[in-house]
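The values are calculated or read from the model by the stated rules, or taken from the named source; none is laboratory data. It should be emphasised that the depicted structure is a prediction, and the values quoted were computed from it without experimental measurement. Neighbour counts run over all protein chains shown; Cβ positions are idealised from the backbone, glycine included.
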Ligand code: ADP
């Protein structure tokens, strides 16, 4: 009866009795875990035939018999094929009819152990990912904020918190929908409807990239930001929240405003008195006829006014160009017809009688005529300034491109200087007298590039310089040509 119950148990069971710990009973499940599963264990000593546990249990079994202290452990057992299994091992002292005995129970829990390992590995992975995410958020210099599906702030990184502190707002305490207390305006300064806010758009599933915003929290300084936002989706693709990434552009914006103020000041406040000086000098020169000392002085004042006016114009133009406030409108232009017009227009200010033209007839390019005029004037005035001989303006009309060249035989430009003359504020070295601010060729390059063209220089010191601007050709309007 006792044996039948033993044998029916799915757990491996064995009873060891006597001081030598000989098997009194060992069920089939137990025998299956021993090196020779077919052997009858009854009467054999435990240390002769024991299950293949990783740590031998001899010592344990003896200790339990002697002390009566129960033993519970998990252990690994290899089966006959070498496959490893996990078992819960229980060793207990029991009172058998023959005296004190030891009961060994082995219950397989491989699945349980593997499930526990998998859970531990998953928890480790999740913990690691959380730590990585935390590190990434803090390493990003931009503000990062995470919102729940209702639009409340769940977390944000230090950069975001700092930006909000900078405009005097504690966003953590804003609660609810963090942005409900803010007035958001777009780049154009117009109020932005709530549905267009990047976080709202992201919460309705949209990805938003690079929106310029002016965010004015109640009673705080406005903050300018460049914002991008994306929805956070669960496995089923449902929106769980949104993440907002923004760079604080407030300082940049304040600088841009300061620059615009400066330009307004320079172009208006400096020009007004200069025009008055110029007008007065002009009157004096005309009154001092025939020209005597006074007339010469008045002419010198006029020349200085012109140079100064040129420098102011360069400064204003550079600022506008760099701020993208000098729009370029490309239209098909017949360069061959436009160039003589341009030179005719500047006859009064420059010695254009030294300019010779060599223009291919009807040469169309896609250009902005006003910007091309500035390019031609800059190149021709430099050529006249740095040479005393004739200046040649030539036009080459190719299949896809139009090349306009301004060549002089003057002082030339060293190779070192050639590499840098198109940079901002760069003036060639040597003992030539500085005439401008070193902005003319920089402006020229920006204008040419703004029209999709490029500018090149070829020069040798003492032999002269050739500046060449190249644009893509345009078809003659009305002919259906390319
Ligand atoms: P700026 O506005 O001061 O006239 P630019 O940008 O027009 O300056 O020119 C930059 C430098 O290139 C000048 O310092 C000048 O020495 C040199 N340079 C420009 N054009 C010529 C030329 N045709 N011949 C010799 N040097 C030139």
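Points worth noting:
- Test result for residue 380, part of a helix (DSSP H, G or I), modelled with pLDDT of 95 or more, under 23 Å from residue 326 (Cα atoms) and more than 11 Å from the ligand (Cβ to nearest atom): no
- Restricting 432, 445 to those that are within 13 Å of the ligand (Cβ to nearest atom) and modelled with pLDDT under 95 reduces the list to 432.
- Number of residues in region 406-429 that are more than 8 Å from the ligand (Cβ to nearest atom), under 16 Å from residue 379 (Cβ atoms) and within 35 Å of the chain's Cα centre (by Cα) equals 1.
- Residue within region 315-325 that is more than 16 Å from residue 265 (Cβ to Cβ), modelled with pLDDT under 90 and touching a helix residue (DSSP H, G or I) at 6+ places or on another chain (Cβ under 6 Å) present: yes
- Tally of residues being surrounded by fewer than 19 Cβ atoms within 10 Å (Cβ to Cβ) and within 35 Å of the chain's Cα centre (by Cα) across region 362-376: 1
- Residue check for residue 253: surrounded by 12 or more Cβ atoms within 10 Å (Cβ to Cβ) and more than 31 Å from the chain's Cα centre (by Cα): no
- Summed over region 208-249, the residues that are closer than 19 Å to residue 156 by Cα and outside any strand (DSSP E or B) give a count of 1.
- Top-ranked residue of region 3-14 - restricted to ones that are surrounded by 14 or more Cβ atoms within 10 Å (Cβ to Cβ) and touching a helix residue (DSSP H, G or I) at 6+ places or on another chain (Cβ under 8 Å), ranked as nearest to residue 95 (Cα to Cα): 14
- Checking each residue of region 395-403 against the condition of being near the ligand (Cβ under 9 Å from one of its atoms) and crowded, with 20+ Cβ neighbours inside 10 Å gives no match.
- Options 438, 452, 462: the member that is crowded, with 17+ Cβ neighbours inside 10 Å and either more than 9 Å from the ligand (Cβ to nearest atom) or not in a strand (DSSP E or B) (or both): 438
- Scanning region 413-435 for residues that are farther than 23 Å from residue 371 by Cα and assigned to a loop (DSSP other than H, G, I, E, B) returns 413, 414, 419, 428, 429, 430, 431, 432, 433, 434.
- Restricting region 383-394 to residues that are touching a helix residue (DSSP H, G or I) at 6+ places or on another chain (Cβ under 8 Å) and not in a loop (DSSP other than H, G, I, E, B) leaves a set whose member that is farthest from the ligand (Cβ to nearest atom) is 393.
- Taken over region 15-41, the criterion of being closer than 19 Å to residue 100 by Cβ and exposed (fewer than 11 other Cβ atoms within 10 Å of the Cβ) is satisfied by 19, 20.
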